[in-house]
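This is the structure I want to talk about, given as structure tokens.
Every read-out reported here was derived from the displayed coordinates using simple, explicitly stated rules and does not represent laboratory data. On a predicted model such as this, the values are computed, not experimentally measured, just so you know. Please note: Cβ atoms are built from the backbone with ideal geometry, for glycine as well, and neighbour counts cover all protein chains shown.
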Amino acid sequence: MSRLSKLHIRKDDIVTIIAGDEKGSGKTGKVLAVMPERRRALVEGMNFIKKTLRKTQDTPKGGIVEKEASMAISNLLLFCPKCKKGVRTARVVETGKASRKCRKCGHLFDA
Ligand SMILES: [Zn+2]
């Protein structure tokens, strides 16, 4: 088994956040990228940081943009569409296919 497959979050997953400023907000977002070696992920619409733009030809005045910052994968839970919340998952192999399964309702995420 590769190190990659041990992560419970993958690109394109819908996740919810369980720690930090947005904890308990019930906000969900799509995983845009996973950085397995850093155990971090970039989630659409979450954890915005303000970035200062340097003055360039395109932005002669410089400026500030808001951009998603990566966050620790351990702070993210897979969002279960049946439970309507972030859930812990188990790994199962059903019908010959490996999948992540909701520990609460049994929903298969990768089926
Ligand atoms: Zn569930």
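Check cross-link reach from K51 to the lysines: straight Cα distance under 26 Å, and skip same-chain residues fewer than eight apart.
In chain and number order, the partners are K11, K23, K27, K30, K61, K67.
Same structure again: Mind checking the alpha-carbon convex hull of region 4-102 and giving the volume per residue in Å³?
Normalising the Cα hull of region 4-102 by residue number yields 125 Å³.
Between L53 and D12, how high is the FRET efficiency from 1/(1 + (r/R0)^6) when r is the Cβ-Cβ distance and R₀ = 22 Å? Nearest 0.05.
0.15
Tally Lys and Arg at +1 and Asp and Glu at -1 over the other residues with C-beta under 9 Å from the C-beta of F79: what net charge comes out?
Within the 9 Å Cβ shell, the charges total +1.
Net charge near E44, counting Lys/Arg +1 and Asp/Glu -1 over other residues with Cβ under 12 Å of its Cβ?
Neighbour charge sum, excluding E44 itself: +1.
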